[in-house]
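Before any comments, here is the structure.
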Amino acid sequence: MNFTDFLVPGVIFIIIIIGFIKKVNVFDEFIAGAAENLKAGVSILPALIALMTAIGMFKAGGALNLLTDLLSPIAEVIGFPKEALPLALIRPVSGSGATAVFEGILTDVSPDSYAGRVASVIMGASETTFYTIAVYFGATKVKKTRHAIASSLTADFTAFVFAALTVTILMSEVR
């Protein structure tokens, strides 16, 4: 056993002790916080259901394959591997969908291939933009996203391009 095994129980114990010292009913405060977070979860549920439905339709309807085929010539020009293109398309939308696509890339072309390495960097360097916006904006009841989506997608695109560039430079990959 090491120190980290006692970290979480220790923090909980400290919170209970501080609550006892300050004469705060820790259990009642915990229940109030849980109830408040449950309300927040219910308020973002419609946005999450809509997002998951759209992702399912996007993949099942063949739009992901169509976009991959359309964008692969452009990706080839900028040095982005065609095999990682479906991941770049699905990553801003769905974390679980991106994980499934990522696993497929690693299975099909191997983790040590150029596409496998680029896909690995993408998974660590990008975010599920639409999911994050749906959750956070839904929880705070923000209706007008203004420039948040455009700037987030620009950051995702930058992460994808620099993933390929970074793998090329640091790993001395030959495409």
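Each value in this text was obtained by applying a stated rule to the coordinates, not by laboratory testing. Quick caveat, the model's predicted, so the values are computed rather than measured. With ideal geometry, Cβ positions are generated from the backbone for all residues, glycine too; neighbour counts draw on all protein chains shown.
Computed on the Cα trace of segment 102-167, the radius of gyration divided by the Kirkwood hydrodynamic radius gives Rg/Rh = 1.12.
Which of the chymotrypsin sites (Phe, Trp or Tyr not before Pro) across segment 77-171 are loop residues per DSSP, with 16 or fewer other Cβ within 10 Å?
Values: sites: PHE102, TYR114, PHE130, TYR131, TYR136, PHE137, PHE157, PHE160, PHE162; in loops: none.
In loop regions of segment 77-171 (DSSP not H, G, I, E or B), there are no sparsely surrounded chymotrypsin sites (Phe, Trp or Tyr not before Pro).
Shown here are the Rg and Dmax of the Cα trace of the chain, at 21.5, 67 Å. With contacts taken as Cα pairs under 8 Å at a separation of at least 6 residues, the chain carries a relative contact order of 21 percent. If you average the C-alpha positions of segment 94-136 and of segment 2-52 separately, how far apart do those two centres end up, in angstrom? Centre-to-centre (Cα) distance: 30 Å. The trypsin sites (Lys or Arg not before Pro) found in segment 46-141 that occupy coil by DSSP, while having at most 12 further C-beta atoms within 10 Å, are LYS141. Pairs of lysine residues in the chain that meet both criteria, 8 or more places apart or on different chains and Cα atoms under 30 Å apart, total 9. Listed from fewest to most Cβ neighbours within 10 Å, the set ILE122, ILE78, ILE55 follows the order ILE78, ILE55, ILE122. Fewest-first ordering of VAL26, VAL77 by other beta carbons within 10 Å of each residue's beta carbon gives VAL77, VAL26. Dipole of the chain computed with +1 at Lys/Arg Cβ and -1 at Asp/Glu Cβ about the Cα centre; of VAL109, PHE3, ASN37, farthest Cα towards the positive end is ASN37.
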